[in-house]
Amino acid sequence: MLFKSIRVKITILYMAILATTLTSFSVILYHNVSGRLHTNMDTLLKSKAGGITKAIDTYWEASKLETIESGITPDVLKKRRNVNFAKIAQAWVREESNDPALLDIIVQIFDTDGAIIASSKNTQDLPKILRKDFISVLQGNSRFDTVGSEKENNKMTLRIFTTPVFENEKVAYIVQVASPLASIQIALNNLKVVLFALFPITVFVTGSLGAFLAKATLHPVDNMIKTIHQITAENMKLKIRVPGTKDEIQKLAETFNDMLERLDRAFTSQRQLFEDLSHELKTPLTILKGEFEVMLKKLRSQEEYESILKSSLEEINRIIKLAENLLLLARLDSKEESLEKKRLNLNLLMQGVVNNIKRLSELKNIQLLFEGNGEIPLDGDEAQLKTAFLNILDNAVKYTPQKGRIHVAVEKGRSSAKIEISDTGMGIPEEDLAQIFDRFYRVDKSRNTAGFGLGLSIAKSIVEAHNGAIEVESKASKGTTFTISLPLADIKIF
Ligand SMILES: Nc1ncnc2c1ncn2[C@@H]1O[C@H](COP(=O)(O)OP(=O)(O)OP(=O)(O)O)[C@@H](O)[C@H]1O
Ligand SMILES: [Mg+2]
């Protein structure tokens, strides 16, 4: 449960990233500092060895001059295996080992046999140089070594630089300088302690800060969850509080409220649909019941039975028509009814529909005019388009009084076809115009015309399924015009 909270997940992730970064940073820092300190030590030892060689050589040159002046051949004055040189070196080391610059530095001077010529006072710390290493130095190679030594049971590590000094391209003597690594080790240990101590503190502090920030950021989400728990189909009017954070959470709250509104509208219209449907079913069924009851009250003549059965059949047909209309709407809604599209000529199709309705209009003495010519190619479902146009024309006849006029015009535009159906009928009041395409909506229920209020909603669904649009314009007691536009064939809709 704990790990199901985003807050905990973010905090743990945050701490893990920080711990990894800190570890890498500490390791890199430690190695860098350690490398630098050791390199510095090596550079120091090298320069000290150079300094010592130079100083001894200066001493030696001075004393050599004195000896030459007293008449001894220069040949004897080589540094190699020379007792005089050894004395000079010893004198220098003794004098200079107290120099503060050499403090802590151990100096040893060897002759080419490996015997110590001179050494600073603290050479007992220095372990003996290995034979093979000494031979390598004699061959002219300088070398660095790190060795452990035990001084009064106190372990210490020394860094040693051993380098040969040449005279006439031959090794004359060997200088060895060494320094304990204690100061470097102390510095590195201190660094280690600081890094180890800082690690948990930093991770803990930033982790707690991260947890706090995550909690503050996600607080509105907790509120949303609480409100959402209270929402049911019955109280869709409830809104969640929109935080003014101008971020994704605010967007989420706004989107959720939008969705609630749409759901509320859908639920309300669904409820309305149920009410209307029950009402539409109840009327014919009540009439049927009444007629059957009248019929059963006493024995009737054949004519009476025939008349009652005829009127009952009318009611049954009405129920069947209602069921058919509802089924068609349900299929159009669920897009289950796939359109059986084929290439049509809209002009011909419309002419056929007008002919179908002609008989009805003649019954009411209504003048029916058709205007349209040429080929208007359209990809559509013939039967469904016919149903849509018939529904609109049926209305025009139904809601236009005797001796009125209905005008049907089909026109080919650049990318779409336009169909205009206008009548000189009773018109639709402005306040009803927005609702006439709603299911079961009838302008005036007391208008003495039969119908369920489904014709226009079916027409609209069919037109929209063909990527078309339907519009209405009307003036009460002047007339109504329906304008339908449908895309022409081969025109792609994006
Ligand atoms: N041409 C028109 N003139 C005046 N009113 C109209 C016209 N067409 C539609 N209406 C109004 O719009 C309402 C809805 O029309 P619709 O075709 O959906 O239902 P209906 O004709 O009442 O019933 P149904 O078509 O299901 O038999 C009608 O009841 C009518 O009041
Ligand atoms: Mg109708």
Item to check | Failed item in (1) closer than 30 Å to LEU213 by Cα; (2) exposed (fewer than 13 other Cβ atoms within 10 Å of the Cβ); (3) not aromatic (Phe, Trp, Tyr), with LEU260 passing the rest | outcome: (2)
Checklist entry - Failed condition for PHE482, given (1) open to solvent by less than 40 Å² (accessible area, probe 1.4 Å); (2) within 43 Å of the chain's Cα centre (by Cα), with all others met? => result (2)
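Are any residues in region 167-187 surrounded by fewer than 16 Cβ atoms within 10 Å (Cβ to Cβ) and at pLDDT 90 or above, and if so, which ones? Give the derivation first.
Keep residues of region 167-187 that are surrounded by fewer than 16 Cβ atoms within 10 Å (Cβ to Cβ), which gives 167-170, 182-183, 185-187.
The answer is GLN185, ILE186, ALA187.
For the condition free of Cβ contacts under 8 Å to residues at least 60 places away in the same chain, closer than 30 Å to PHE25 by Cβ, in contact with a Lys or Arg (Cβ under 8 Å, 6 or more places away or on another chain) and assigned by TED's automatic domain parsing to the domain that holds ILE88, what is the one hit in THR157, THR146? Can you show your working first?
On the way: THR157 fails: in contact with a Lys or Arg (Cβ under 8 Å, 6 or more places away or on another chain).
Checking each option against the conditions leaves just THR146.
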Checklist entry - In this structure, does GLU324 turn out to be assigned by TED's automatic domain parsing to the domain that holds THR283, exposed (fewer than 15 other Cβ atoms within 10 Å of the Cβ), among the charged types (D, E, K, R) and away from ligand 1 (no atom under 13 Å from the Cβ)? => result no
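Please tell me if ALA409 is under 49 Å from the mean Cα position of the chain (by Cα) and more than 9 Å from ligand 1 (Cβ to nearest atom). Show your work before the answer.
Numbers: under 49 Å from the mean Cα position of the chain (by Cα): no; more than 9 Å from ligand 1 (Cβ to nearest atom): yes.
Judged against the criteria, ALA409 is not a match.
Of all residues in region 381-396, count the ones that are among the β-branched types (Val, Ile, Thr) and surrounded by fewer than 22 Cβ atoms within 10 Å (Cβ to Cβ).
Filtering region 381-396 down to residues among the β-branched types (Val, Ile, Thr) leaves 387, 392.
Then keep just the ones that are surrounded by fewer than 22 Cβ atoms within 10 Å (Cβ to Cβ); that gives 387.
Number satisfying all stated conditions: 1.
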Checklist outcome for this item: Taking region 447-477 and keeping residues free of Cβ contacts under 8 Å to residues at least 60 places away in the same chain, farther than 16 Å from ILE421 by Cβ and more than 9 Å from ligand 2 (Cβ to nearest atom) leaves ARG447, ASN448, GLU464, ASN467, ALA476, SER477
Checklist entry - Considering region 347-380 alone, what residues qualify as being open to solvent by less than 30 Å² (accessible area, probe 1.4 Å), farther than 24 Å from LEU328 by Cα and away from ligand 2 (no atom under 16 Å from the Cβ)? => result ASN347, LEU368, GLY372, ILE376
Item to check | Hey, LYS335 open to solvent by 50 Å² or more (accessible area, probe 1.4 Å) and either of a type in the set (Ser, Thr, Tyr) or in a helix (DSSP H, G or I) (or both) or not | outcome: no
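Among the residues of region 296-304, are any open to solvent by less than 70 Å² (accessible area, probe 1.4 Å) and more than 47 Å from the chain's Cα centre (by Cα)? Can you show your working first?
Just the residues of region 296-304 that are open to solvent by less than 70 Å² (accessible area, probe 1.4 Å), to begin with: 300-301.
Among the residues that remain, those that are also more than 47 Å from the chain's Cα centre (by Cα) are: 300-301.
Checked against the condition, which is being open to solvent by less than 70 Å² (accessible area, probe 1.4 Å) and more than 47 Å from the chain's Cα centre (by Cα), region 296-304 yields at least one hit.
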Checklist entry - In region 404-431, how many are in contact with a Lys or Arg (Cβ under 9 Å, 6 or more places away or on another chain) and either open to solvent by less than 40 Å² (accessible area, probe 1.4 Å) or of a type in the set (S, T, N, Q) (or both)? => result 9
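Return yes or no: is PHE440 touching an Asp or Glu at 6+ places or on another chain (Cβ under 8 Å), aromatic (Phe, Trp, Tyr) and within 16 Å of ligand 2 (Cβ to nearest atom)?
On the way: touching an Asp or Glu at 6+ places or on another chain (Cβ under 8 Å): yes; aromatic (Phe, Trp, Tyr): yes; within 16 Å of ligand 2 (Cβ to nearest atom): yes.
Here the answer is yes, as PHE440 does meet what is asked.
Hey, among LYS4, LYS9, LYS64, LYS54, which residue is basic (Lys, Arg), closer than 30 Å to ARG159 by Cα and either open to solvent by 40 Å² or more (accessible area, probe 1.4 Å) or free of Cβ contacts under 8 Å to residues at least 60 places away in the same chain (or both)?
LYS54
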Item to check | Checking ARG300 against (1) assigned by TED's automatic domain parsing to the domain that holds VAL408; (2) not in a strand (DSSP E or B), the condition it does not meet | outcome: (1)
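The values are calculated or read from the model by the stated rules, or taken from the named source; none is laboratory data. Given the structure is predicted, the values throughout are model-derived calculations rather than measurements. Positions of Cβ are generated from backbone atoms using ideal geometry, with glycine treated the same way; all protein chains shown enter the neighbour counts. Quick note on the areas: whole protein, heavy atoms, side chains included, nothing else; ligands and nucleic acids left out. Shrake-Rupley method; radii C 1.70, N 1.55, O 1.52, S 1.80 Å.
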